[in-house]
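What follows draws every value from the coordinates through simple rules; no lab data is involved. These numbers come from a predicted model, not from an experiment. As a convention, Cβ positions derive from the backbone with ideal geometry for all residues, glycine included, and neighbour counts pool all protein chains shown.
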Amino acid sequence: MERVNMYALVNGIIYSPESVLKDHAVIIEGQFINAIVPIADLSPAITQIDVQGQHISPGFIDLQLNGCGGVMFNGAESEQTLSTMQAANLKSGTTSFLPTFITDSDQGIKDALLATRHYMQTTSNEVLGLHLEGPYINQEKKGIHPTQWIRPAETEMINLICNNADIVKKITTAPEKMPLKFIKQLSDAGIVVSLGHTNASYQQASLAIAQGASFATHLFNAMSPMTGREPGLVGAVYDHQIYAGIIVDGFHVAYENIRISKRLLGDKLILVTDATAPAGADIEQFDFVGTKVFYKNGKCVGKDGTLGGSAVTMIESIQQCVEQVGIALDEAIRMATTYPAKAIAVEHKLGSIEAGKVANLAIFDQQFNVTATIVNGYHKVTA
């Protein structure tokens, strides 16, 4: 990456919080966005980078990323794995993410915590924390999660997770399998409690939400559906208007359901990739906590046909929101930037192009090809 002390991005379409701007420049100084100014007001002394009419977006933020670039975090809990994931992310515009560690042993959780802590101590505004997806989930809705590690929550591990709340940003659990006192404890510690891999009734989900649960993991997938007499978790998400991540890869959720959910949830619907090793890599199979998952024609499935994460990237998710769901580009961008930043309380520094915020940006052309990213003010050409 390259960083000069001060430079300006010019000749681009800028997605600011208030509007889409043309004939403006984004001035970056060091690690931060200095200002957004009309081109006419730009000092000729500032170094300019011409983006040739492309889109200038906040860097994408992925709150659910199991792996990419040919690697998985489960089974390879190391700083090198996170570095490989980050390098792959940049090619598709994702500048910040939550590495996701699915159901595994207590020791596996501890290893994931340690690797994430070490990485976050050496870099900033890339890995934003750890997402523990499990192990306190419902067997009936386990998906690809390994049966042998699904277990009840115990005080010792919940205390450990809460004591590492500076690293654990989010945990996915089934509310019918997690005592409400633990949901409250986790939420009070500042961890986002997300409901998923669950067969919860509407009432069980509502009780968890009352205790601080504020998110739902991969809406529609591995959760109790909304029916005529039982609203289930999907109904609770709609009724209580909590945040929900959604996978837009053409396999996990029908485009019509994404469109309906967008109308109902508005700024609470967030793009996540749930990506695995094939995203940004050329591989045909991979191991997911002891389960062999096959990748073919864009789809990741186990031997029994169970979906095993996705291979979609964030820029592809945005493109499909626009072209298949009918969401305006500026709003699709917010679903990958502003809204996830708010959901995990980092909107004070990330998620929008504003003076004083960290210069994490994505630049992409009219065909949704990411040509450059900027992380902590460092400009990197990716095309």
Distance in nm between label sites at Asp106 and Gln139, each 7 Å beyond Cα in the beta-carbon direction?
2.1 nm
Arrange Cys321, Cys162 by Cβ neighbour counts within 10 Å, fewest through most, would you?
Cys162, Cys321
Where both partners of a DSSP beta bridge lie in the chain, what percent of those bridges are antiparallel, to the nearest 5?
55 percent
Hz values of 3J(HN,Hα) by residue in segment 221-234 - Karplus curve (6.51, -1.76, 1.60), Gly and Pro given as x
8, 6, 8, 5, x, 8, 10, x, 10, 9, x, x, 5, 4
If you take every residue apart from Thr273 with its C-beta less than 10 Å away from the C-beta of Thr273, what net charge results, scoring Lys and Arg +1 and Asp and Glu -1?
-4
Pairwise Cα inverse-distance average, inverted: Kirkwood Rh of segment 220-357 (Å):
16.2 Å
Quick one: if the Förster radius is 35 Å, what FRET efficiency do Thr147 and Thr382 give, using the C-beta to C-beta distance and rounding to 0.05?
0.35
Please get the size of the charge dipole for the chain, origin at its Cα centre, with Cβ charges of +1 on Lys and Arg and -1 on Asp and Glu, quoted in debye to the nearest 20.
580 debye
P(r) tail fraction, segment 1-125 - alpha-carbon pairs more than 23 Å apart, %
45 percent
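Within the set Lys169/Lys296; Lys110/Lys169; Lys141/Lys169; Lys22/Lys268; Lys141/Lys181, which residue pairs have Cα atoms separated by over 26 Å? Intermediate values should be presented prior to the final figure.
Numbers: Lys169/Lys296 32 Å; Lys110/Lys169 15 Å; Lys141/Lys169 23 Å; Lys22/Lys268 28 Å; Lys141/Lys181 23 Å.
Where the Cα-Cα span goes over 26 Å, the pairs concerned are Lys169/Lys296; Lys22/Lys268.
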Computed FRET value (nearest 0.05) for Val20 with Ala87, which takes r as the C-beta separation and R₀ as 22 Å
0.15
Estimated [θ] at 222 nm from DSSP helical runs (n ≥ 4, -39500 (n - 2.57)) normalised by residues in the chain, nearest 500:
-7500 deg cm²/dmol
Quick one: divide the alpha-carbon radius of gyration of the chain by 2.2 N^0.38 Å and tell me what you get.
0.96
Which cross-chain or sequence-distant (5 or more) residues have an amide H under 5 Å from the amide H of Ser92, H modelled 1.01 Å from N in plane?
none
What is the spin-label model distance, in nm, from Thr227 to Gln203 if the labels are put 7 Å beyond Cα along the C-beta direction?
1.6 nm
